[in-house]
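Shown next, in structure tokens, is the structure this report addresses.
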Amino acid sequence: MVNKARLYWLMQIGGWTLYAAVQIGVAIASVGTISTQRVIFLTYEAFFCFLLTHFFRTYMNNNRWLSWGMPRLIPRVLLAVWLLGVVMYFLRIPVSLPLGLFSQSVVFDPKNILGLSLVYAFFFFLWSVFYFIYNYFERYNKSLKMEASIKQIELSNLKSQLNPHFIFNALNSIRALVDENPEKSKQAINQLANILRNSLVTEKKGLTKFGDELKVVRDYLGLESIRFEERLKIELEIDPNSKNFLVPPLMIQTLVENGVKHGISKLTEGGLIQLKTKVENGKLNINIRNSGHYHVNGHKRRGLGLVNTTQRLRLLYGNEAHFVIRNEKDNFVLTEITIPHLYTT
């Protein structure tokens, strides 16, 4: 990547060198020949333009013109390029004298002063337009990169909150099994190890394959089945096309865990946890249904898992994603998520 300062000098030198070459070419095309004195004069002219625009840039940067709004900036730029045009006109005079190109009647003619000053002002105005456009796009790109970095930091913070939250609950489940059924506790440890391994692999990713996320969900439900036994019934209806989509790591597992923890675990008779996916119109629809009741106004119900899910979807998709939790008849809670246009080839 080209350094900004280096790029400026390349454009500055290259641009005014091109200006001198075009001036010389136009002079040759108009009369068929050009004198050495005229070539030297036009070269010095381009050099003075180079110096004036460089000093103008320094002045603008020192006075923070790039941070001004258009109503304040435009009149000042117009006045500045006009003054630069006038200064440029009179800078030509000392050069024309030793080259034998000076004519007092021509040089001090008001029409020539006004006309050529306007021509120089026009070139300085074009230079200013290119300069401001370049800086505008550079600042715009920086703002986009900064925004992306901020979002990535926020997502990383959210994931770092989710992992300890999940591990704590999983270890509590295993602890309850150690004395009651050591064999099942070993199975639970293997399932937890699989979940943690998957979590480590996806830790640096903003998204993961749905198939990998589904494996985590299966391991989690297998772990919880050991603890709840017959009290936990599981139904999975997965659209085969779901595997082509990408989802935020541990998002589905967190919502399933939320349904088990706040729904089924509160019911003496236990209940059902159901995960269904369907792909429609290029979007992945995820429905998680669990026995229980969603306390809309209950602050405990709106726990860390739901808050993180809402924030992650907002950061990744803005207003493109759909996420809602509502109560259904027959004492069920439905969590609906729709993720747009996130599928791999």
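Laboratory data are not the source of any read-out in this text; all were calculated from the coordinates shown. Please read these numbers as outputs of a predicted model, since none were measured by experiment. Neighbour counts run over all protein chains shown; Cβ positions are idealised from the backbone, glycine included.
Worth a mention:
- Charge sum, other residues only, whose C-beta stays under 13 Å from Arg289's C-beta, Lys/Arg counted +1 and Asp/Glu -1: -1
- Simple Cβ-charge dipole of the range 4-144, Lys/Arg +1 and Asp/Glu -1, about Cα centre, in debye nearest 20: 520 debye
- Pair Val26, Val178: separation of 7 Å Cα→Cβ label points (nm): 8.8 nm
- Other residues whose C-beta falls under 12 angstrom from the C-beta of Tyr131 contribute a net charge of 0, scoring Lys and Arg +1 and Asp and Glu -1.
- Net lengthening on full extension, Ile113/Lys233 (0.36 nm per residue, minus Cα-Cα): 34.0 nm
- Spin-label model distance (nm) - Phe168 vs Gln311, 7 Å beyond Cα toward Cβ: 1.5 nm
- Efficiency of FRET between Thr58 and Lys215 - r from beta-carbon atoms, R0 51 angstrom, step 0.05: 0.25
- Ranking Leu66, Thr36, Gly14 by Cα position along the charge dipole of the range 4-144, where only Lys, Arg, Asp and Glu carry charges on their C-beta atoms, puts Leu66 farthest toward the positive end.
- Charge sum, other residues only, whose C-beta stays under 15 Å from Val39's C-beta, Lys/Arg counted +1 and Asp/Glu -1: +1
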